[in-house]
Amino acid sequence: MHALQFSIASLSEGSIAVDAVVSEETVRPVNAASLQLGPVRVQGVLDELGGEVLFRGTVSGVFRNTCDRCLDPMEAPFSVEVTWLFEEGELPEAEGGVIDIDPTDDEMPRIGALRGSELDLAPLAWEEIVLVVPSKYLCVDDCAGLCPGCGANLNREPCACPSDKVKEPKDNQGLAGLADMFPDLKPDKLEE
Ligand SMILES: [Zn+2]
Ligand SMILES: [Zn+2]
């Protein structure tokens, strides 16, 4: 058993406080691709409610990646509030097992399975994490990125391109400058 697995028997006394930090390998299903995660923290409370088990808490951690613009390594933190309901299919409807969930809440709890004598928070933690994977990574919102010419990281160093290749927009050189900026258009280059 890992830190996100609990025996059903241990729940019979009521609530259990959960605060566990586990590796990505612990929450990742064996056939799922890695999400480049740091350690995952699961905090909350498990309640046994007459045959069903409710977990309410948070799943948090960091995605480790590189900035889409400057390629620097970076971390993107996440924290998700979760409500998970674990049900056992074979059991008759729980007697007195009133689940304290607001029925008007749009966000239905995610349902997990009670298997045998164990309850595992890891599969649901993984589902929640997959839903919040960033669509893009930026080290800072206004990351200046890399110069396409010289590769300089423009967040911390100036462009090192030769000055005749890069023209500042404010340099008003008129039409004479255009020929220098587009040397490929000169007649002697046409045969290449
Ligand atoms: Zn960046
Ligand atoms: Zn440059």
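The values are calculated or read from the model by the stated rules, or taken from the named source; none is laboratory data. Just so we're clear, the structure is a prediction, and the values are computed from it rather than from any experiment. For neighbour counting, all protein chains shown are included, and Cβ atoms are generated from backbone atoms with ideal geometry for every residue, glycine included.
Before moving on, here are some points about what is shown:
- A single member of 120, 142, 100 is modelled with pLDDT of 90 or more and surrounded by fewer than 10 Cβ atoms within 10 Å (Cβ to Cβ), and it is 142.
- Test set (1) modelled with pLDDT of 95 or more; (2) crowded, with 18+ Cβ neighbours inside 10 Å - residue 86 fails condition number: (1)
- Residues that are of a type in the set (A, V, I, L, M) and free of Cβ contacts under 8 Å to residues at least 24 places away in the same chain, drawn from the range 67-88: none
- Test: residue in the range 7-27 that is under 21 Å from the mean Cα position of the chain (by Cα), surrounded by fewer than 18 Cβ atoms within 10 Å (Cβ to Cβ), part of a loop (DSSP other than H, G, I, E, B) and away from ligand 2 (no atom under 16 Å from the Cβ): yes
- Residue within the range 126-134 that is within 16 Å of ligand 1 (Cβ to nearest atom), part of a loop (DSSP other than H, G, I, E, B) and either within 31 Å of the chain's Cα centre (by Cα) or at pLDDT 95 or above (or both) present: yes
- All positions within the range 46-75 that are under 29 Å from residue 5 (Cα atoms) and of a type in the set (A, V, I, L, M, F, W, C): 46, 49, 53, 54, 55, 59, 62, 63
- For the range 28-56, filtering for residues that are of a type in the set (A, V, I, L, M, F, W, C), assigned to a loop (DSSP other than H, G, I, E, B) and within 21 Å of residue 80 (Cβ to Cβ) leaves 3.
- Any hit, the range 53-60, residues being under 18 Å from the mean Cα position of the chain (by Cα) and of a type in the set (Phe, Trp, Tyr): no
- Neighbours by Cβ (under 9 Å, 6+ apart or cross-chain): first from the range 129-152, free of Cβ contacts under 8 Å to residues at least 60 places away in the same chain and more than 8 Å from ligand 2 (Cβ to nearest atom); second assigned to a loop (DSSP other than H, G, I, E, B) and hydrophobic (A, V, I, L, M, F, W, C): 140/67
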